[in-house]
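Here is the structure we will look at.
The values are calculated or read from the model by the stated rules, or taken from the named source; none is laboratory data. Quick caveat, the model's predicted, so the values are computed rather than measured. Neighbour counts are summed over all protein chains in view; Cβ atoms, including those assigned to glycine, are modelled from backbone coordinates with ideal geometry.
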Amino acid sequence: MKKLLTALLLFIVFAIQGKAQILAPVTWSYAAKKTSTTEAVIFIKATIDDGWHVYSQFVKEGGPVKTTITFAPSKTYALIGSTIEPKPISRMEKVFNMEVGFFEHSVIFQQKIKLSAKQTIVKGKLEYMTCNDEKCLPPDDIDFSIPVK
Amino acid sequence: MKRILLMILVALPIVGLAQSSTFTLKARIAGISGSGRVYLTYQIPGKMMVDSALINDGSFKFNGTVPYPLKAQLWMDHRGGGITKLGPNPDMLTLFLDKEEISINATDSIKNSIITGSRINAEYIEYKAFIAVPVKEMALITAEKAAVPADQTNDQQIMDDLKLRYQKAAENKIALQYQYIKLNPNSEFSLGALHEVAGPYIDVATIEPIYNGLSADIRNSMSGQQFAKSIEIARNTAVGSMAPVFIQNDVDDKPVNLIDFRGKYVLLDFWASWCAPCRAENPNVVKTYQQFKDKNFTVLGVSLDRPGKKDSWIAAIKADGLTWTQVSDLKFWDNTVVKLYGITGIPQNYLIDPAGKIIGKNLKGEELERKLTEVLSQ
């Protein structure tokens, strides 16, 4: 009973807080692909409007907010290595006095996993920031749950 | 306990469920023979959705529920390699999902398809065409800027010229967006465009009448109501209202109270070490501070730096030479002052007079200097 109540409350909070801006500059999607019976790759993709940036996972301290993908620990899979990304556009940002890696238009992050069950659901959380030349917008923290079959 | 549950169950449809709509998407791609797969991706609050369908004799269909009209992408997998092997230039169509049935017709690629039967998608095409000229111009200038050779990025003439041209295109886009809103009071994209032109710093006097000119359907939609709420928050921080007061700690963890700044003109400046556009504006704030600091003016910086990142905050203060008082609770966008002022984008600032009244906001570049010269010479 208490659990149900909590779930309902969470749902309501969620429904209200979700930002319903139809022209949000960044949208995310995912995919999973089994590469063998015991391995799979998780893909997390950002589609980015013209002029907006999403930052690399490897932005150094003192720069913009990097993209961070966190996978929830599970008995049914284990991560192999870290999350890889394509080579970002790198630009010397005078304001940060450093090279900053970012993506425009689209980017796909990939995570290899080792499976210890025939199928599983890979859960986790995505943090990112998007800026254009004029401003930075509050990020949506996004939970994902990706079926691997 | 049971009573609470009942109350929630009764309230539930009002807060969300009642507004969700079921969509149907039907497509016919004439030139496709054999089988293949197509993917539909979209985001509902806090969650990514990926759906796929088999192409059967050139046709496919999707069903689903969305909490409000939203943007989606349709991806065509021509080679049958899966969504992960679509290559750098995938055959993709951006479209919008709502309660209406969507029909898609194409000859070979989804990119060049024709969408019928759906008002929201027709409106999107119209809206995009309406603002296409400046949008294209802005993309061109951005590309041009990125292509400036490294040894010329210090050439003020070149950079200023690019900036000026960009600003002009951006202003042109905003003018067209206002025009679109006026012509299409019942379009989702009028609300979307209003969201964009209003920006993080809603000027209630300008924006509210335009919002009120939108159709009741749009105003009562979930995003319409959210926007109304943003206007309410903006009203509290509108020019002419008293600046909401707060206490937050400075870099030495000593509490700083906005009320203690009464008697002085103070620029309340929202920024963060990680925010490139903010850092780019900092030299200008420094210049203004130097110019007016002995004339009953000061700056109070509020930083949206992140938990555990005090070092980055302090390093940026030092690097940019910000000698005025700085506060932060290191809670990123959940900073209590950010919530209090309803800020949804940075940089952002408020000019507060000696009585604690807001007399200006979002003053960038020379605007700030002009405004200060005006008020301090009185």
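Overview of values
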| item | result |
| --- | --- |
| Strands (runs of 3 or more DSSP E) (entirely within the stretch B:286-378) containing at least 3 residues that are among the β-branched types (Val, Ile, Thr) | B:297-303 |
| Any hit, the stretch B:216-232, residues being in contact with a helix residue (DSSP H, G or I) (Cβ under 6 Å, 6 or more places away or on another chain) and more than 10 Å from every other protein chain (Cβ to nearest Cβ) | yes |
| Check on B:Tyr180, at pLDDT 95 or above, surrounded by 13 or more Cβ atoms within 10 Å (Cβ to Cβ) and not polar (S, T, N, Q) | yes |
| Unmet requirement for A:Val95, which otherwise passes all of (1) touching a strand residue (DSSP E or B) at 6+ places or on another chain (Cβ under 9 Å); (2) among the β-branched types (Val, Ile, Thr); (3) within 8 Å of chain B (Cβ to nearest Cβ) | (1) |
| Residue within the stretch B:205-224 that is within 24 Å of B:Asn335 (Cβ to Cβ) and surrounded by fewer than 20 Cβ atoms within 10 Å (Cβ to Cβ) present | no |
| Number of the exception - B:Asp161 against (1) in contact with a helix residue (DSSP H, G or I) (Cβ under 9 Å, 6 or more places away or on another chain); (2) in a helix (DSSP H, G or I) | (1) |
| Members of the stretch A:139-149 that are touching a residue at least 60 places away in the same chain (Cβ under 8 Å) and in a loop (DSSP other than H, G, I, E, B) | A:Pro139, A:Asp140, A:Lys149 |
| Selection status of B:Pro347, buried (at least 22 other Cβ atoms within 10 Å of the Cβ) and within 14 Å of chain A (Cβ to nearest Cβ) | yes |
| B:Asp108 acidic (Asp, Glu), away from every other protein chain (no Cβ under 14 Å) and not in a helix (DSSP H, G or I) | yes |
| Meets criteria (of a type in the set (Lys, Arg) and at the interface with another protein chain (Cβ under 10 Å from one of its Cβ atoms)) for A:Lys114 | no |
| Residue list for the stretch B:32-57, filter: over 33 Å from the mean Cα position of the chain (by Cα) and either crowded, with 17+ Cβ neighbours inside 10 Å or of a type in the set (A, V, I, L, M, F, W, C) (or both) | B:Ile32, B:Gly36, B:Arg37, B:Leu54, B:Ile55 |
| Conditions (1) surrounded by 19 or more Cβ atoms within 10 Å (Cβ to Cβ); (2) within 12 Å of chain B (Cβ to nearest Cβ); (3) under 19 Å from the mean Cα position of the chain (by Cα); number of the one not met by A:Lys135 | (3) |
| For A:Met92: the one exception among (1) outside any loop (DSSP other than H, G, I, E, B); (2) touching a helix residue (DSSP H, G or I) at 6+ places or on another chain (Cβ under 6 Å) | (2) |
| Residues located in the stretch A:45-88, provided they are part of a strand (DSSP E or B), surrounded by 13 or more Cβ atoms within 10 Å (Cβ to Cβ) and in contact with a Gly (Cβ under 9 Å, 6 or more places away or on another chain) | A:Tyr55, A:Ile69, A:Phe71 |
| First in the stretch B:111-122 and closer than 18 Å to B:Asp217 by Cα and touching a residue at least 40 places away in the same chain (Cβ under 8 Å), second anywhere and surrounded by 13 or more Cβ atoms within 10 Å (Cβ to Cβ) and not hydrophobic (A, V, I, L, M, F, W, C), Cβ under 6 Å, 6 or more apart | B:Ile120/B:Pro69; B:Ile120/B:Asp98; B:Ile120/B:Glu188 |
| All positions within the stretch A:30-43 that are buried (at least 19 other Cβ atoms within 10 Å of the Cβ) and more than 8 Å from chain B (Cβ to nearest Cβ) | A:Ala32, A:Ala40, A:Ile42 |
| Positions within the stretch B:103-125 being surrounded by fewer than 20 Cβ atoms within 10 Å (Cβ to Cβ) and of a type in the set (Val, Ile, Thr), in sequence order | B:Thr107, B:Ile114, B:Thr116, B:Ile125 |
| Hits in the stretch A:102-128 (condition: closer than 20 Å to A:Lys87 by Cβ and assigned to a loop (DSSP other than H, G, I, E, B)) | A:Glu104, A:His105, A:Tyr128 |
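Each row is one residue, and each column tells you yes or no for (1) away from chain A (no Cβ under 13 Å); (2) in contact (Cβ under 8 Å) with a residue 12 or more places away in the chain.
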position: B:Asn63; (1), (2): yes, yes
position: B:Tyr68; (1), (2): no, yes
position: B:Gln73; (1), (2): no, yes
position: B:Ile83; (1), (2): no, yes
position: B:Pro88; (1), (2): no, no
position: B:Asp91; (1), (2): yes, yes
position: B:Phe96; (1), (2): no, yes
position: B:Ser103; (1), (2): yes, yes
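Per-residue answers, yes or no, for (1) free of Cβ contacts under 8 Å to residues at least 40 places away in the same chain; (2) surrounded by fewer than 14 Cβ atoms within 10 Å (Cβ to Cβ):
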site	(1), (2)
B:Gln248	no, no
B:Lys254	yes, yes
B:Asp269	no, no
B:Ser273	no, no
B:Arg279	no, no
B:Val285	no, no
B:Gly308	yes, yes
B:Trp324	yes, no
B:Asp329	no, no
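Residue-by-condition table, conditions (1) closer than 27 Å to B:Leu97 by Cβ; (2) over 21 Å from the mean Cα position of the chain (by Cα):
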| position | (1), (2) |
| --- | --- |
| B:Ser118 | yes, yes |
| B:Ala122 | yes, yes |
| B:Ala139 | yes, no |
| B:Thr153 | no, yes |
| B:Asn172 | no, no |
| B:Ser187 | yes, no |
| B:Val197 | yes, no |
| B:Ile202 | no, no |
